[in-house]
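Colleague: There's a structure below that I have some questions on.
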Amino acid sequence: MSIISKDIQKAVALLNAEELVAIPTETVYGLAGNIFSKKAINAIFETKKRPHFNPLIVHISSLEYLDTIVEYVPEKAKLLAESFWPGPITLVLKKKNTIPDIITAGKDTVAVRIPNHPVTLELLKQLEFPLAAPSANPFNRISPTTPQHVEDYFKYNIKMVLDGGACKNGIESTIIGFENDEPIIYRLGSTSIEAIEKIVGKIEIKNHKESAPVAPGMLARHYAPKTKTVLSDNLSETISKYSGKEIGVLSFQTEIKDRSITFQIVLSKKGNMSEAASKLYNALHTLDRQNLDVIIAERFPDYDLGKSINDRLNRATKK
Ligand code: TXA
Ligand code: MG
């Protein structure tokens, strides 16, 4: 029996009863629970097998609610919130004492965003608490961008996936922290650096610290298919290296004509980065189901969303 449903009232009832519901957002599906319920938050960590040192993002429905979550909003955070919310930017700000430590993994900051999805905005408006929601995938696996992806991962562990269709953006939110009130990118994501810099000027990226990552989810191996995956700067060359194997190819724009390829996905024939980003995870999920020996993914041009896509491909291909 499917746990996928469009019934918002059912989701409200489950969340009020401290259960988990997978919710749609514009980026990826989230595994959501009441931020004030110990039972729900523990269930999130348990269901995902997520280490407790990795804090959760708090989802709210309006800017007014921000002041109940955080102590203080730097000027540039305000500008970013006003420019991009609802939308795929997460701000890491000084938390209020009322935010439970388990949400923030003991940090004195909390990650917060207003997601841009009509179903989840309506859901949040009907609840009396914000929702903690990490991506609805087991730790280290590819994030889900359709209700079916979530059901495939968790059908025995959660009661409901709230169906909001396929996620429009397809890559997680861009995470921005503040040091001395200056914004810093902790995770590349669905909002491009170029768009952010238009609002706040030149911005530093700090997402590669392996030993003590500022956003602990930024560990090297992440977003990974089970199938061996390699990143390529020259598809034809890499394909010939794996001759005799069952090869899957994930390319940006161009179809490779080569009979040794078993399964191929072109992300955007038009060469449109947003289209490619929105299809990326679904393509990886699909390739991962084909029993291939290797998935060869083409490196993207290093600008705009290409930067975020390369970040995810890099993490998917780390051993
Ligand atoms: O698009 C998204 O952001 C999706 C949707 C569901 O909203 N959520 C998502 O959550 O990607 P998750 O848990 O998979 O990734 C959250 C990231 C983690 O890397 C975590 O380490 C970081 O946010 N994070 C959370 N709180 C933080 C904090 N206080 N300081 C630094 N990083 C934080
Ligand atoms: Mg995640």
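Colleague: Provide the per-residue ³J(HN,Hα) series for region 267-277, in order, calculated from phi with Karplus coefficients 6.51, -1.76, 1.60 and θ = phi - 60°, each as a whole number of Hz, with x at glycine and proline positions.
Modeller: The phi angles translate into 6, 8, 4, 7, x, 9, 5, 5, 4, 4, 4 Hz.
Colleague: Under 16 Å from a point placed 7 Å out from the Cα of Asp233 along the Cα-to-Cβ direction: which residues of region 291-310 have their backbone N that close?
Modeller: What the label zone holds, given the 16 Å backbone N cut-off, is 297-303, 310.
Colleague: Largest first and to the nearest Å, give the Cα extent of region 34-77 along each principal axis.
Modeller: 36, 18, 15
Colleague: Moving to a separate point now. Scan region 120-158 for chymotrypsin sites (Phe, Trp or Tyr not before Pro) in coil per DSSP, keeping those whose Cβ has at most 13 other Cβ atoms within 10 Å, and list them by number. Could the numbers behind the result be given before it?
Modeller: On the way: sites: Phe139, Tyr153, Phe154, Tyr156; in loops: Phe139, Tyr156.
Those satisfying the criteria are Tyr156.
Colleague: For an R0 of 45 angstrom, estimate the FRET efficiency from the Cβ-Cβ distance between Phe36 and Gln290 and round to the nearest 0.05.
Modeller: After rounding to 0.05, the efficiency reads 0.55.
Colleague: Considering only the other residues whose Cβ falls under 12 Å of the Cβ of Tyr72, what net charge follows from Lys and Arg at +1 and Asp and Glu at -1? Walk me through the numbers before you get to the answer.
Modeller: Details: positive: Lys78, Lys94, Lys95, Lys96; negative: Asp67, Glu71, Glu75, Asp108, Asp181.
With Lys, Arg at +1 and Asp, Glu at -1, the neighbours total -1.
Colleague: Return the FRET efficiency for the residue pair Phe53, Glu204: r is the Cβ-Cβ distance, R0 is 30 Å, and the value is rounded to the nearest 0.05.
Modeller: 0.80
Colleague: When the chain is modelled as a GNM with alpha-carbon springs shorter than 10 Å, which of Lys49, Lys38, Lys241 fluctuates the most?
Modeller: Lys241
Colleague: What is the gain in length, in nm to one decimal, between Glu75 and Gln148 on full extension, counting 0.36 nm per residue of separation less the C-alpha to C-alpha distance?
Modeller: Difference between extended and current length: 22.3 nm.
Colleague: Using the Cα atoms as the points, what is the convex hull volume per residue of region 1-145 in Å³?
Modeller: Working: hull volume 15.9 nm³, N = 145.
Convex hull of Cα atoms, per residue: 110 Å³.
Colleague: Okay, moving on. I need the per residue convex hull volume for the chain, using only the alpha carbons, in cubic angstrom as a whole number.
Modeller: 127 Å³
Colleague: Something else now. For region 100-157, state which GluC sites (Glu not before Pro) are in a DSSP loop and have at most 13 other beta carbons lying within 10 Å of their beta carbon.
Modeller: Loop-located and lightly packed - Glu128.
Colleague: Can you find, among Thr68, Val28, Phe178, the residue farthest towards the positive end of the dipole of the chain? Put +1 on the C-beta of Lys and Arg, -1 on that of Asp and Glu.
Modeller: Working it through, the farthest residue towards the positive pole turns out to be Val28.
Colleague: Within region 1-91, list the chymotrypsin sites (Phe, Trp or Tyr not before Pro) lying in a DSSP loop whose Cβ has at most 13 other Cβ atoms in a 10 Å radius.
Modeller: Loop-located and lightly packed - Phe53, Tyr72.
Colleague: Same structure again: If each residue of separation counts as 0.36 nm, what is the full-extension length gain between Glu64 and Lys107 once their alpha-carbon separation is subtracted?
Modeller: Net length gain for the segment: 13.2 nm.
Colleague: Above 19 angstrom, tally the Cα pairs of region 217-319 and express them as a % of all pairs, no decimals.
Modeller: 36 percent
Colleague: Can I ask one more? Over 20 Å between C-alpha atoms is what I'm after, so list which of Lys49/Lys94; Lys168/Lys270; Lys48/Lys159 land there. Write out the running numbers ahead of the final one.
Modeller: Values: Lys49/Lys94 27 Å; Lys168/Lys270 17 Å; Lys48/Lys159 15 Å.
Beyond 20 Å: Lys49/Lys94.
Colleague: Okay, next question. Before anything else, pin down the relative contact order of the chain: Cα pairs under 8 Å, at least 6 apart, normalised by residue count, whole percent.
Modeller: Relative CO of the chain lands at 20 percent.
Colleague: About the Cα centre of the chain, how large is the charge dipole given +1 on each Lys and Arg Cβ and -1 on each Asp and Glu Cβ? Please answer in debye to the nearest 20.
Modeller: So the dipole magnitude of the chain works out to roughly 860 debye.
Colleague: Say the cut-off is 25 Å between C-alpha atoms; which of Lys6/Lys76; Lys38/Lys307; Lys78/Lys125; Lys107/Lys198 go over it?
Modeller: Lys6/Lys76; Lys38/Lys307; Lys107/Lys198
Colleague: Express in Å², to the nearest 10, the accessible area of Arg299 obtained by rolling a 1.4 Å probe over the protein heavy atoms while all chains stay in place.
Modeller: About 90 Å², rounded to the nearest 10.
Colleague: Now for a different question. Multiplying the sequence separation of Ala166 and Gln253 by 0.36 nm and subtracting their Cα-Cα distance, what value in nm do you get?
Modeller: Details: separation 87, 0.36 × 87 = 31.32 nm, distance 2.13 nm.
Here the answer is 29.2 nm.
Colleague: In whole angstrom, note down how far apart the Cα centers of region 284-319 and region 79-122 are.
Modeller: A separation of 28 Å, based on Cα centres.
Colleague: Next up: Using label points projected 7 Å from each Cα along Cα→Cβ, tell me how many nm separate Ser240 and Lys270, to one decimal.
Modeller: 3.5 nm
The values are calculated or read from the model by the stated rules, or taken from the named source; none is laboratory data. Computed from a prediction, not measured in an experiment: that's the story for all the values here. A quick note on method: Cβ atoms are made from the backbone with ideal geometry, for glycine too, and the neighbour counts reach across all protein chains shown. Each accessible area value is taken on the protein alone, full model and side chains, heavy atoms only, with ligands, DNA and RNA left out. Shrake-Rupley method; radii C 1.70, N 1.55, O 1.52, S 1.80 Å.
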